[in-house]
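Please treat every number below as a calculation from the coordinates, not as lab data. What you see is a predicted model; the values in this text were computed from it and never measured. Quick reminder, even Gly has a Cβ in these numbers, built from the backbone with ideal geometry, and neighbours come from all protein chains shown.
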């Protein structure tokens, strides 16, 4: 059975850290912070300071919107703050997010992410000892006469990579210490696309013997009213289906038409139509929702395939009161 993680939510930093503390006390072994409405590193810092035993991880931080040096220094600081409990989870983000929101246009994102991982690892290893860092393009970094003059809490920081498509998933297997799944999941997609691509990446790079952690992300809604649970989970499905980057994922599961209808409704600004375009079969295919007993059984099934199942309440296209109630239900449903 896989370990359980939680992606805590809060309408304030105080509420988020309170959820993290309650999850740690309930037996969740890892806590994961996201990056969209908050900075991943700021609330990772808050969660780290409030907890003492659980692994703390960015799940994920954007890889291209910060310099590799900033990523390396932040990772070392969080490893120090957490006494070695920190995992750096990185993701490429979709092109529109990078270009339109951050002003960063990345050509060949797979190649770029490979270079970012190499640069971050090199600097984590070199800077505490003051060694010269010289890396060729695309990072093109030159650091001389600089030493991070603090004793590192950890000599290495694990780097996990998030992915959905085959090329980025192979990269995660080839250069990552672990893989982080997208919040929408599917047993069929995991078995037919993700796990084989991770295997190709690990075997092709000669990394098959290196320790590697698979983290499956799951939008989870345990509720005694299964139909209501499905309705709340539909908000997450509609939110991600509105992004064309994920169209191949939905097409692979046989929901190409539904995803296109959601995108059309999104362009029209019609949220009710977006939700109406999510049939029960689609919601059930990519989330885990239902009665607490049903949810526990589905998570146990997923846990036979991966190392960590990371649970998150729905936080898109639903009221905060719903997210808050579902998060409480998740912690209660899976409390040790």
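Points to keep in mind about this one:
- Normalised by the number of residues in segment 36-171, the mean separation of alpha-carbon contacts (under 8 Å, six or more apart) gives a relative contact order of 26 percent.
- Placing R0 at 22 angstrom, the Cβ-Cβ distance between residue 191 and residue 256 gives a FRET efficiency of 0.65 after rounding to 0.05.
- Between residue 145 and residue 80, the C-beta separation translates, for a Förster distance of 22 Å, into a calculated FRET efficiency of about 0.45.
- The length gained by stretching the chain between residue 268 and residue 42 to full extension, at 0.36 nm per residue less their Cα-Cα distance, is 77.9 nm.
- Candidates 287, 58, 245: whichever shows maximal mean-square fluctuation once the chain is modelled as a Gaussian network with Cα springs under 10 Å: 245
- Shape analysis of segment 279-323 places it in the prolate category; the axes a ≥ b ≥ c from the Cα gyration tensor give an a/c of at least 1.5, with a/b above b/c.
- Candidates 280, 158, 314: whichever shows maximal mean-square fluctuation once the chain is modelled as a Gaussian network with Cα springs under 10 Å: 280
- DSSP finds beta bridges in the chain, and of those with both partners inside it, around 10 percent are antiparallel.
- The modelled label-to-label distance for the pair residue 1/residue 155, using points 7 Å beyond Cα in the direction of Cβ, is 3.5 nm.
- Extension gain, residue 224 back to residue 25 (0.36 nm per residue minus Cα-Cα distance, nm): 69.2 nm
- Sorting 131-141, 66-76, 91-101 by their mean Cβ neighbour count within 10 Å, with the most densely packed peptide first, gives 66-76, 91-101, 131-141.
- Shape of segment 1-136, Cα gyration tensor, a/c cut at 1.5: oblate
- Comparing 85, 112, 144 in a Gaussian network model of the chain, where Cα atoms under 10 Å apart are tied by springs, the biggest mean-square fluctuation is seen for 144.
- Expected 222 nm ellipticity per residue - DSSP helices of 4 or more, -39500 (n - 2.57), all of the chain, to 500: -13500 deg cm²/dmol
- Förster radius 35 Å - calculated FRET efficiency between residue 95 and residue 300, Cβ distance, rounded to 0.05: 0.45
- Computed on segment 224-322, with alpha-carbon pairs under 8 angstrom and 6+ residues apart, the relative contact order is 38 percent.
- Percent RCO, i.e. relative contact order, over segment 67-123, from Cα pairs under 8 Å lying at least 6 residues apart: 47
- Along each principal axis, taking the top coordinate minus the bottom one, the Cα set of segment 110-211 gives 51, 30, 26 Å in descending order.
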